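No value in this document is a laboratory result; all are computed from the given coordinates. These numbers were taken from a predicted model, which means no experiment stands behind them. Backbone-built Cβ (ideal geometry, glycine too); neighbour counts: all protein chains shown.
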Amino acid sequence: MRLAKTVSATIGVLALMAATGPAHASAPPHGLVDPGSTVPQAAAQRPHHPRASLRVDVGQAKPWVGQAIPVTVTAYFRGVEGVTLEGAVQLTSKGIMTSELGRQPKQGTEIIDGEPTLAVKWSGTVTPSGPGPLDLSVDLPVRIQYREAAPPVVARDVSRGQDEDDPFAAFGGDPFGSAMFNQMRRQMEQMVEQPRGRVVEQTIALKASARTLDVLDLPAAGQPVTFSGAVGRFDLKASLSSAHVHVSDPVTLRVVVEGTGDLDRVDLPGVSSSDTWKAYPPKATREPASGRRPERKVFEQVLVPLRGGDVTVPAVSLTAFDPTSGHYVTRDTSPLQVSVEGTTPAHEPLETNAAAADAAPPPPAPPSVAIRAALPTVSPWMVGIRVLPVLLLVFAAAVVRALGKRRKERTLRRTMTRAASQGSAGPFFDSAHRLIEMRLAERWALSPEEITANSIRERLGSKGDPLVEVIAADEALRFARGGMEGADLQSLCSSVQQSLRGAS
C-alpha cells in the first residue's frame with residue numbers, strides 16, 4: 001500500500017542518520033549477540049539476521065523469590081533504511097509474576113565494531129514467583145527495510161580515448177597532467193554512475209534469552225508472623241486528614257509506602273477496631289513516579305472515633321524481607337494524636353462492667369409491636385424529595401463528562417483534518433490515534449489502552465484497516481519525524497472517519 005511505503009521511508013530518515021555505514025551485507029558485530037544466552041558459543045556467533053538482533057539483560061543472577069529485579073531489552077538495527085515495530089516486547093517465563101516494561105522505548109546510536117548502530121531500549125522489572133532455575137526469553141516482531149548490495153562499478157578505460165560521454169572531453173587535451181587528470185576522471189565516473197541496490201522489506205521475529213536465573217527461596221528461620229510477602233527496602237510515612245474531629249466523625253489515616261521492590265506484594269493490615277476507634281478496611285492505590293519522586297503505594301483507612309478527648313492512632317507496621325542483608329526488617333509509623341470533641345453516644349458504651357452484667361438479669365426484649373410503633377413514618381414523597389438532589393447531581397455530572405468527551409473529540413477531529421490538509425504527518429497521526437482510542441473505547445466499553453491494532457482487526461476485520469494503519473504509523477513516527485504528501489494524509493483522514501462511523 002502506498003501509505004505503508006511512505007511511512008517506512010519516513011522511519012528511514014532516522015535509520016540512515018543512526019547507521020551511515022556501508023549498505024552491503026556483512027557479519028553482525030559481536031555486540032548484537034547476547035553474551036548471556038544459554039546457546040553454545042559456536043551457535044551464538046550465528047545470529048538470526050545480520051541487520052537486526054535482540055538482547056535481554058537481567059540485573060541479578062541469583063534473586064530471591066518476590067524480589068523485583070531490573071531487566072533491559074535492547075533491539076539493534078544496522079544498515080537499515082526503515083524500522084517498524086509490529087508489536088510490543090513480550091517476556092515469556094513460567095516463573096515470572098510481574099513484568100513492567102515502559103511503553104515508550106529509548107533510542108540512540110551506539111558504535112559497535114566501528115559502525116553506527118541504532119539501539120532501541122526498553123527498561124522495567126521482573127519478579128520471580130517461585131524458587132529454582134528460571135529461564136527468561138523475549139520476543140519482538142519488527143519489519144525492516146534495507147538495500148541489497150549494489151553491483152560494482154567498472155572503471156572506464158582511459159586508454160580508449162575521449163568520447164561524447166566523457167565529462168572532460170570539452171577540454172580538448174590534458175591540462176592537468178595524465179596522472180591527476182585520470183584520477184579525477186575515475187572519481188567523477190564513480191559519482192555519476194554508482195548504482196543503488198534494490199530496497200528489500202522483511203518481517204522478522206526477534207528472539208533473545210537471558211542467562212538462567214537461580215531463584216533463592218526466602219528463609220523460614222526468623223520469619224515473623226507479620227510477614228505478608230513483601231520483598232525489598234521500604235519506608236512508611238503516616239498522616240491524618242485532620243487532627244481535630246468530633247465524636248462519630250470519620251477521619252482518614254493515610255500511609256505512604258516508598259522504596260525499592262515490588263509494590264504489588266506490599267500489603268498493610270491497618271488499624272484494628274477497638275473501644276477507641278471504629279476501623280474500616282484500608283484501600284490501596286498506586287501513584288506513578290513524578291519527577292524525582294519514585295512510584296509509591298498509598299493506603300487509606302477510614303477511622304471513626306468512639307469517645308472524646310486526646311486519643312492516639314496506633315502505629316502501622318510493615319514487615320519485609322531485605323534482599324541486600326538477607327534478613328526480615330519491620331518498619332513502623334509514628335503514633336498520631338487526635339483531639340476528639342464531644343462525648344460518647346449513649347447507644348455506644350465504651351466499657352462494659354462484666355461483673356455487673358453477669359449479676360443482673362438481662363432486660364426483657366420489647367415486643368415487636370412497640371418497635372414498629374417507635375419507628376418514624378416516612379412517606380414516599382419524603383424519600384423522593386431527599387433523593388432527588390442526589391439524582392440531579394449524578395445526572396449533571398454525567399452530562400458534564402459527556403460534553404467534555406464530545407468537546408475533546410471535536411478538537412481531535414479538527415486537528416486531524418487540519419493536519420491532513422497541511423500535510424503535517426506528526427500532528428495528524430497523533431490526533432488520529434487518540435481519536436481512534438477515544439471513540440472505540442467508548443463504543444466497545446474498554447479502556448483506551450486496550451484499543452490496539454490486534455483488537456481492531458479482531459472486531460472489524462478488513463473494515464478497520466485504515467485505523468490499524470494509523471496506529472502503526474503513529475508508533476513508527478516515534479522513531480523519526482518527516483513530511484508526507486498531503487494527498488495521502490487527506491485520503492487516510494477520510495478513511496479513518498468512515499471506519500469510525502461504521503465501527504460497531
query = Can you run phi through the Karplus equation (6.51, -1.76, 1.60; θ = phi - 60°) for segment 309-322 and list ³J(HN,Hα) in whole Hz, with x for Gly and Pro?
reply = x, 8, 10, 10, 8, x, 5, 10, 10, 9, 9, 9, 8, 8
request  = Starting from the amide H of T452, placed 1.01 Å from N in the peptide plane, find each other amide H under 5 Å away whose residue is 5 or more places distant or on another chain.
outcome  = none
remark   = Env charge @ L446, Cβ radius under 13 Å, K,R +1 / D,E -1, value -2
request  = Please give the FRET efficiency for R418 paired with S137, using the beta carbon to beta carbon distance and R0 = 41 Å, rounded to the nearest 0.05.
outcome  = 0.35
task = Could you go through segment 250-266 in sequence order and give the Karplus-derived ³J(HN,Hα) for each residue, using 6.51 cos²θ - 1.76 cosθ + 1.60 with θ = phi - 60°, rounded to whole Hz, and x for Gly and Pro?
result = x, 9, 9, 8, 10, 10, 9, 10, 10, x, 10, x, 7, 5, 5, 8, 8
request  = Taking H placed 1.01 Å from N in the peptide plane, check which residues at least 5 places from D262 or on another chain put their amide H under 5 Å from its amide H.
outcome  = A68, V231
remark   = XL table K106/K297; K94/K405; K94/K297; K207/K283; K62/K297; Cα-Cα > 31 Å flagged, in table order, is K94/K405; K207/K283
ask   = Hey, what do the phi angles of segment 219-226 turn into as Karplus ³J(HN,Hα) couplings, whole Hz, using 6.51/-1.76/1.60 and θ = phi - 60°, x for Gly and Pro?
value = x, 7, 5, x, 7, x, 5, 7
query = Which FRET efficiency value, to the nearest 0.05, do you get for V298 and D465 by plugging their Cβ-Cβ distance into 1/(1 + (r/R0)^6) with R0 = 41 Å?
reply = 0.40
remark   = When V302, V71 are ranked with the fewest other C-beta atoms within 10 Å first, the list becomes V302, V71
message = I need the semi-axes of the equivalent ellipsoid of segment 53-150: take the C-alpha gyration tensor, multiply each eigenvalue by 5, square-root it, list largest first in whole angstrom.
response = 30, 13, 11
Under 5 Å, built H, 5+ apart or other chain: amide partners of S228 = T319
query = Name the GluC sites (Glu not before Pro) in segment 221-313 that are in a loop by DSSP and that have at most 12 other C-beta atoms within 10 Å, would you?
reply = none
remark   = Most exposed to least, judged by fewest other Cβ atoms within 10 Å, L460, L253 sort to L460, L253
message = Counting only other residues whose beta carbon sits under 14 Å from that of T312, what net charge do I get with K and R as +1, D and E as -1?
response = -2
task = State, to one decimal in nm, how far the label point of V199 lies from the label point of S290, with both points 7 Å from Cα in the Cβ direction.
result = 4.5
key: Per-residue Cβ neighbour rank within 10 angstrom, fewest leading, D249, D474   = D249, D474
key: Per-selection Rg to Rh, segment 385-502 - Cα, Kirkwood hydrodynamic radius   = 1.10
ask   = What value does segment 232-351 have for Rg/Rh, both radii from Cα atoms and Rh as Kirkwood defines it?
value = 1.05
remark   = Extension length gain for T212 and E341 (0.36 nm per residue less Cα distance), in nm, is 40.3 nm
